[in-house]
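Below is one structure, written out as C-alpha cells, with a few remarks after it.
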Amino acid sequence: MVSRAGWMAAAALGLAGGLGCHTDMYDQPKFRPLERSDFFADGNSSRPLPADTVARGQLELDELLTTGKVDGKLSELFPFPITEQVLRRGQQQFNIFCSVCHGRLGGGQGMIVQRGFKAPPSYHIDRLRQAPPGHFFDVISNGFGAMYDYRERISPADRWAIVAYIRALQLSQHTKLSELAPAERAQLEAAPR
C-alpha cells in the first residue's frame, strides 16, 4: 500500500514534470483550414495548389494506358499484351462492376435492367463490335448516357482488362464455325443441343 507521503511525492513530481513541458508547437501562430487571413491579398489562409501539381502516385505519363487515346484519338490498340491472366482478371472485374447492367454475356439484360432500369446497348451490335478498344476504355473511365464513370473505382489496368474481356465476349458470340480449330469445332458439334 502506498503511504500518503508517497502520493504527495508522486503528485509533486507530476506537477514539476508538467511545468517543464513546452507547448510551443501547439501554441504557435497558425491558420486553420479556410480561416480568413489579412496576410494574403485574397483574404484566404488556404492557398491554391501551384500549377502542374501532381499528387503522389498520380502522375499519368502513359496517355494510352490512362486515357485510352493516342494523340487525342481513341486507340485501336491495347497498352499491354492480352494474356489469359489479363482475361481472367477482366472477367472478374466485369462480373463485379459491369454485369449488373450489361449481363454476364454483354447482351444488356443484367439484373438492374430486369428490375426496371434503362437497358444499355448490347456489346454484340455492329456499332460496338466495330468500336476501337479505346472507346470502351473511355466509356468505363468517363461514363456515357445513364452510365456513370468508374475512373475512381477501377484502376486503369483493370479497365483495360475489362475491355479485353468485352472483346472476348464479342468474339464468343460472333465467331464463325469455319474459323474454329478442328478440335474445337468437333467439340461444339458433339455438344447436346
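Whenever a residue of the range 173-193 is within 24 Å of Arg104 (Cα to Cα), its partners that are surrounded by 10 or more Cβ atoms within 10 Å (Cβ to Cβ) and of a type in the set (Phe, Trp, Tyr), lying with C-beta atoms within less than 9 angstrom and at least six residues away or across chains, give the pairs Gln173/Tyr123. Summed over the range 102-130, residues that are touching a residue at least 24 places away in the same chain (Cβ under 8 Å), assigned to a loop (DSSP other than H, G, I, E, B) and closer than 26 Å to Glu76 by Cβ total 5.
Of the candidates Arg185, Arg151, Arg159, the single residue that is surrounded by 15 or more Cβ atoms within 10 Å (Cβ to Cβ), among the basic types (Lys, Arg) and in contact with a helix residue (DSSP H, G or I) (Cβ under 7 Å, 6 or more places away or on another chain) is Arg159. Taken over the range 13-42, the criterion of being at pLDDT below 70 and small (Gly, Ala, Ser) is satisfied by Gly14, Ala16, Gly17, Gly18, Gly20. Comparison of Gly134, Gly116, Gly103, Gly90 shows that the only residue that is of a type outside the set (Phe, Trp, Tyr), more than 17 Å from the chain's Cα centre (by Cα) and buried (at least 17 other Cβ atoms within 10 Å of the Cβ) is Gly103. Test Leu169 against the criterion of being touching a residue at least 24 places away in the same chain (Cβ under 8 Å) and not basic (Lys, Arg), and give yes or no. In short, yes. The residues of the range 141-158 that are free of Cβ contacts under 8 Å to residues at least 24 places away in the same chain and assigned to a helix (DSSP H, G or I) amount to a single one, Asn142. If the condition is being aliphatic (A, V, I, L, M) and without any contact (Cβ under 8 Å) to a residue 12 or more places away in the chain, then the range 71-101 contributes only Ile96. Can you find even one residue in the range 149-170 that is more than 19 Å from Thr67 (Cα to Cα) and polar (S, T, N, Q)? The answer is yes; a qualifying residue exists. Just checking, does the range 150-169 include any residue being modelled with pLDDT under 95, under 22 Å from the mean Cα position of the chain (by Cα) and hydrophobic (A, V, I, L, M, F, W, C)? No: zero hits. Out of the residues in the range 65-101 that are in contact with a helix residue (DSSP H, G or I) (Cβ under 8 Å, 6 or more places away or on another chain), among the hydrophobic types (A, V, I, L, M, F, W, C) and assigned to a helix (DSSP H, G or I), which is nearest to Phe117 (Cα to Cα)? Among them, the one singled out is Cys101.
The values are calculated or read from the model by the stated rules, or taken from the named source; none is laboratory data. Computed from a predicted model, the values in this text were never measured in an experiment. Backbone-built Cβ (ideal geometry, glycine too); neighbour counts: all protein chains shown.
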